[in-house]
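Have a look at the structure below, then the notes.
The values are calculated or read from the model by the stated rules, or taken from the named source; none is laboratory data. What you see is a predicted model; the values in this text were computed from it and never measured. FYI the Cβ positions are ideal-geometry reconstructions off the backbone, even for glycines, and counts take in every protein chain you see.
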Amino acid sequence: MRKILPIVIAALVLFTACQKKKDKLAAEVYYHKLYESEIRNNMPSGLSKEDSMTMVHEYINQWVREQLLLHEADRLLSAREKNFDKKIDEYRNSLLINALYDKLAEEMTVDEAALKKEMADFNKRYDNSYAVKRPIMQLNYVKLPKGSPILPEVRAILFDPSRRTSEKDTLVALLGDSIEYMLDDDQWLYVEDIQREVSVDIEPEMVKTHPTIEKEIGNDHYLLVILKYKSQRSVSETEEEQAAVRMMLVNQRRQQYLDEYVNKLYDEALKKGVIIQ
């Protein structure tokens, strides 16, 4: 095998684009045969010659080892040990039921207005229970290249409370060439993440005493406006938490929908007399 394998691999790479070539044997183990066509059908397109040779080599080696193990299993296992009919049926039934659940779940519509109310009720009920003792803040944040020509105008708008609100669209248009920015007044971020990025200690009193921060680090120029500061965050104050809450409530609705569907099937089957218990 090792002496002829490079030849087989090279041939496969050359013949991949030519499906009309006569099929050739690539490997054989205990009379089980692997042909080039099977390997070609399992190879992704767009590979380089080197990557193709590597994948073919791995595919053949894996196939050879699998055939050796199957032969050994056939030799050593008893007929009872090799009988998987029941397990195969159970696995197939499980796959079919899960496929049906997936199809039903896709067809289920979500009442967004009702879901939004459920999320608000959940937040109101559990905000304190799930509060995390990590300081959070709301801010406007801009990161520009050092010496950026738009820096003076961005600073003038960003650091002026009235202009920051009334000229936000102008600011967004200006920041098209920025490295990154965030102008969402409602988004809560962890203070430690901002401090790590800008290397500035941020304290609660800064919201009133010194809400603007400007700093150069290396080739970057940072502009920050601190809007709010809290010593802990609750469920309703981060996007990731709200996404998790939404997913949980949607999954609860989905499970309820599936349970009701199965119960309806059961009741209808009872009426038809197709269930005998």
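Scanning region 173-200 for residues that are among the hydrophobic types (A, V, I, L, M, F, W, C) and touching a strand residue (DSSP E or B) at 6+ places or on another chain (Cβ under 8 Å) yields Leu175, Ile179, Met182, Leu183, Trp188, Leu189, Val191, Ile194, Val198, Val200. Taken over region 133-173, the criterion of being assigned to a helix (DSSP H, G or I) and of a type in the set (Ser, Thr, Tyr) is satisfied by Ser162, Thr165, Ser166, Thr170.
Set side by side, the residues Gln277, Gln252 differ, and just one is polar (S, T, N, Q), surrounded by fewer than 16 Cβ atoms within 10 Å (Cβ to Cβ) and at pLDDT 85 or above, which is Gln252. Candidates are the residues of region 37-64 that are over 16 Å from Leu25 (Cα atoms) and touching a residue at least 40 places away in the same chain (Cβ under 8 Å); the one that is farthest from the chain's Cα centre (by Cα) is Met53. The set of residues in region 174-199 being of a type in the set (A, V, I, L, M) and either part of a helix (DSSP H, G or I) or without any contact (Cβ under 8 Å) to a residue 24 or more places away in the chain (or both) consists of Leu174, Leu175, Val191, Ile194, Val198. When Tyr101 is tested against (1) free of Cβ contacts under 8 Å to residues at least 12 places away in the same chain; (2) farther than 18 Å from Ala26 by Cα, just one condition goes unmet, and that condition is (1). Quick check on Leu76: is it surrounded by 15 or more Cβ atoms within 10 Å (Cβ to Cβ) and either in contact with a Lys or Arg (Cβ under 6 Å, 6 or more places away or on another chain) or modelled with pLDDT of 90 or more (or both)? The answer is no for Leu76.
Number of residues in region 144-203 that are loosely packed, with under 15 Cβ neighbours inside 10 Å, under 34 Å from the mean Cα position of the chain (by Cα) and among the hydroxyl-bearing types (Ser, Thr, Tyr): the value is 2. Using the structure shown, decide if Asp89 is assigned to a helix (DSSP H, G or I) and farther than 28 Å from Asn41 by Cβ. The answer is yes for Asp89.
Considering (1) out of contact with any Asp or Glu (no Cβ under 9 Å at 6 or more places or on another chain); (2) free of Cβ contacts under 8 Å to residues at least 24 places away in the same chain, the lone condition that Glu216 does not fulfil carries the number (2).
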